Amino acid sequence: MNKYKRYSYKHHKAHIEDVGMFVNPPEYKEKPVDILTFLKYDRYLGRATSNLRAIYPGWISPIAEIFRDDSKPLVVLTGGLSTGKTQIVYGCCIPYILYRISMLKDPWQYFKKTPSGKMDVVFFNLAGTLSESRGFNYMQNSLQSSPWFKKCGRMIGESDPCFELDLFSWSLVSPHARRSSSIGGNIVAGVMDEVDSPNESDGHRRRVLQAYEGAMQRFESQIAKDGVSLGRLFLVTSKQKEMSFLDVFIDRMKHLEKVRIFDKAQWDIFPNKNYSGETFPVMVGDIDTQSKMIEPEEKDKYIKEGMRVIDVPVEYKHDFKWDLVVALRDLAGITVRDPRRYKFISAERFIRACMDDAKQDPMSMESMPIGLQDEEGLINFIDLSKIRIDVRTPRAIHVDIAFSQDALGFACSTIAGWKDVDVEMPDGTYSKQQMPVVETDFCFRLVAQEGDWIPLHKVRKFILDLKARGLNIKRTTFDLRLASEDTMQILNKAGIETDYLSVDEDTKPYMEFKKLIFEERWICHMHQYLMFEVAALEFDEDKNKIDHSDKSKNIQIMKDGSLRDITMTGGKYISDAVVGSIVSIMSIAKHPIIAEQYTNILKALNQSPTKQSPRPQGFKDDWFMSKGSKKNLGDQDVKVDRLNAPSSNVEKMKKALDQLNRRKRPGGGIF
């Protein structure tokens, strides 16, 4: 039985005997329909909601509860991301408030106000204008789609058209607005949304919050007499970083009887059909205990210890493995109370799974002390015969430069193959796509000898020596532009593409690396320093930066079975080099063509000589290709089993094969 049972319109229809169970029932011109009828039928808002079908099932019950009675006019919607909170408030709840107030015989008398202008609907956010507010546009679209509202409203304005109602005015309160509206005492509805953004300054956010708090006080004293009102004030937010300013504000409101709070995870809102009903447990940590995925048999133990344990649909398991802290916040809607710096890779086993014990390290040393006076070249420390992927396959090298105190990181990576991966599309569905598998051939770090400097010219010489020994180095990148300018010029002259690349300027390179690890698309030999560095990486959410801990501690199993403790001073020199080489090689990777299809084309070509184009003497498999075509494929002597061609060539081959079948061979080459 599926435990994620949803309430339907029929369930709630039975519970709604009246629109509002008022202490002093208002006098209506015509009794309003209940909220779900209002949202279901075309006469009202049915066109905007596709007769309720466009509303996530998990919101049906909360929507009905918001308007079950009018004794709780303050409403908070929070929780996971992308659950439709904004659409529900602006597109459903605000229009219903306007509808009910419009149905009153005397709206001003109901609120005990002297008729004066219009009643205010206020939007508290950080937009520059109302038209820039997503929520306001949701409301506008809903009103314009409703035959009922069209009878009592109209479009005004030419350059920036807006739907207006005779009884209500729209007001924006924002520090970015050229003309931020003054707030009077006629607020019958308001929404604070799109405020708790990490990209905004605390000053701007607090100004909006102060304005909202002021509006709450006026609303409670003038509009919500005796705590009852047809109006509503909404606060809409998704969980942000630990105890954001809105989290604190909501915590202060929780004890108030006049407040309704809906805190929903994604799986509380989305349809049943999205889930199988199978779950896995997650222990939610606190300031002293880190959150983690646990085994089902551990649930009772943690619950007895006073910890919170949630059951998460198995469909989210990958997300929680990928980043537990972010998944708790964005999917479960749980305010993260873990330390602000947390492990970038949640468990070492994911890193270990990518390290192939059968792969040998070509370097004789993982970390090498070196100085300006050393005469031995770095090429003497590598055994190229231990490199598994054909040396003719394109490579990318990244150098994380250092001079004296730090270590220099060096890594070389290549494309080892392609793997079918489920890729999430913009509409939420998944599609299988071929993604590259990257193998790091070798990596190491150079440490300056005491009182000496790391000789950068030896690093440059090493790259040139590798190319001279047959390693196909297509691209080399450096993290310091000025320190590598002369090296880049020399390598460019030698036919190696060079560029500047920093993996510290944003988190994208490391996020790509993390994706490769979790999808097992990265291969490397066991490298103790690299293992330590990657395992010790931390994500500092406040700085939005991937960093390293001050010290990394671990236990190494020796060949004789004994153990020894290892403490390594913090750093990510090799990991920066590895990530840079991975990003670099993936940027020039060419999608493979279908080998079987290409083989068939070769056979057809070789079997189809014509009088005009006889088969040359001593022909090769690629006799029909022009020199330019061969060069584009990356090899002068193209072989059936060794191709790195763009996928667009597949279509060209199909056309060529079709022409051959019709005895209309194209002149020159087929590409």
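The values are calculated or read from the model by the stated rules, or taken from the named source; none is laboratory data. Quick caveat, the model's predicted, so the values are computed rather than measured. Glycine gets a Cβ as well: all are built from the backbone with ideal geometry, and neighbour counts include every protein chain shown.
Laid out as a table, the results:
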read-out	value
Within the stretch 197-277, helices (runs of 4 or more DSSP H) holding 1 or more residues that are at pLDDT 90 or above and not acidic (Asp, Glu)	266-269
Matching residues, the stretch 252-277, being among the acidic types (Asp, Glu) and surrounded by fewer than 12 Cβ atoms within 10 Å (Cβ to Cβ)	Glu257
Boolean, Thr86 is within 29 Å of the chain's Cα centre (by Cα), assigned by TED's automatic domain parsing to the domain that holds Met253 and hydroxyl-bearing (Ser, Thr, Tyr)	yes
Of all residues in the stretch 127-164 being touching a helix residue (DSSP H, G or I) at 6+ places or on another chain (Cβ under 6 Å) and outside any helix (DSSP H, G or I), the one that is surrounded by the most Cβ atoms within 10 Å (Cβ to Cβ)	Phe163
Inter-residue pairs, beta-carbon under 6 Å, first not assigned by TED's automatic domain parsing to the domain that holds Leu408 and in the stretch 441-468, second of a type in the set (D, E, K, R) and part of a helix (DSSP H, G or I), 6+ apart	none
The stretch 349-389, subset over 29 Å from Glu520 (Cβ atoms) and at pLDDT 90 or above, residue surrounded by the most Cβ atoms within 10 Å (Cβ to Cβ)	Leu378
Conditions (1) polar (S, T, N, Q); (2) at pLDDT 80 or above; (3) part of a loop (DSSP other than H, G, I, E, B): number failed by Ser169	(3)
So Tyr316, is it touching a residue at least 24 places away in the same chain (Cβ under 8 Å), outside the structural domain of Leu408 (by TED's automatic domain parsing) and of a type in the set (Phe, Trp, Tyr)	yes
Flag if His176 is at pLDDT 75 or above, in the same structural domain as Asp42 (by TED's automatic domain parsing) and part of a loop (DSSP other than H, G, I, E, B)	yes
Given (1) surrounded by fewer than 19 Cβ atoms within 10 Å (Cβ to Cβ); (2) within 21 Å of Leu537 (Cα to Cα); (3) in the same structural domain as Arg445 (by TED's automatic domain parsing), number of the condition Val399 does not satisfy	(1)
Asp42 assigned to a loop (DSSP other than H, G, I, E, B) and closer than 26 Å to Leu172 by Cα	no
Number of positions in the stretch 78-137 that are of a type in the set (D, E, K, R) and over 26 Å from Tyr56 (Cβ atoms)	6
Some residue of the stretch 559-569 being assigned by TED's automatic domain parsing to the domain that holds Val399, in a loop (DSSP other than H, G, I, E, B), exposed (fewer than 13 other Cβ atoms within 10 Å of the Cβ) and modelled with pLDDT of 85 or more	no
Scan of the stretch 43-92 for residues that are free of Cβ contacts under 8 Å to residues at least 24 places away in the same chain and either on the phi < 0 side of the Ramachandran plot or of a type in the set (Lys, Arg) (or both), ordered by number	Gly46, Arg53, Ala54
Of residues in the stretch 291-323 being within 19 Å of Trp267 (Cα to Cα) and acidic (Asp, Glu), the one farthest from the chain's Cα centre (by Cα)	Asp311
Subset tally (residues that are out of contact with any Phe, Trp or Tyr (no Cβ under 6 Å at 6 or more places or on another chain) and either more than 21 Å from Ala407 (Cα to Cα) or touching a residue at least 40 places away in the same chain (Cβ under 8 Å) (or both)) for the stretch 479-498	13
Condition met for Met307 (surrounded by 14 or more Cβ atoms within 10 Å (Cβ to Cβ), touching a residue at least 24 places away in the same chain (Cβ under 8 Å) and in the same structural domain as Thr498 (by TED's automatic domain parsing))	no
One residue from Arg53, Arg6 being among the basic types (Lys, Arg) and modelled with pLDDT of 50 or more	Arg53
Filtered residues of the stretch 436-476 (kept if polar (S, T, N, Q) and surrounded by fewer than 21 Cβ atoms within 10 Å (Cβ to Cβ))	Gln449, Asn472
Residue within the stretch 141-150 that is within 22 Å of Leu74 (Cα to Cα), touching a residue at least 60 places away in the same chain (Cβ under 8 Å) and not hydroxyl-bearing (Ser, Thr, Tyr) present	no
Close pairs (6 angstrom Cβ cut-off, 6 or more residues apart or separate chains): under 16 Å from Ile88 (Cα atoms) in the stretch 266-281, of a type in the set (A, V, I, L, M, F, W, C) anywhere	Gln266/Leu331
So Phe513, is it buried (at least 21 other Cβ atoms within 10 Å of the Cβ), aromatic (Phe, Trp, Tyr) and in the same structural domain as Ile379 (by TED's automatic domain parsing)	yes
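Here's the yes/no breakdown for (1) in the same structural domain as Arg134 (by TED's automatic domain parsing); (2) within 22 Å of Leu233 (Cα to Cα); (3) crowded, with 20+ Cβ neighbours inside 10 Å:
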{"residue": "Tyr41", "(1), (2), (3)": "yes, no, no"}
{"residue": "Arg47", "(1), (2), (3)": "yes, no, no"}
{"residue": "Gly58", "(1), (2), (3)": "yes, yes, yes"}
{"residue": "Ile63", "(1), (2), (3)": "yes, yes, yes"}
{"residue": "Pro73", "(1), (2), (3)": "yes, yes, yes"}
{"residue": "Thr78", "(1), (2), (3)": "yes, yes, yes"}
{"residue": "Ser82", "(1), (2), (3)": "yes, yes, no"}
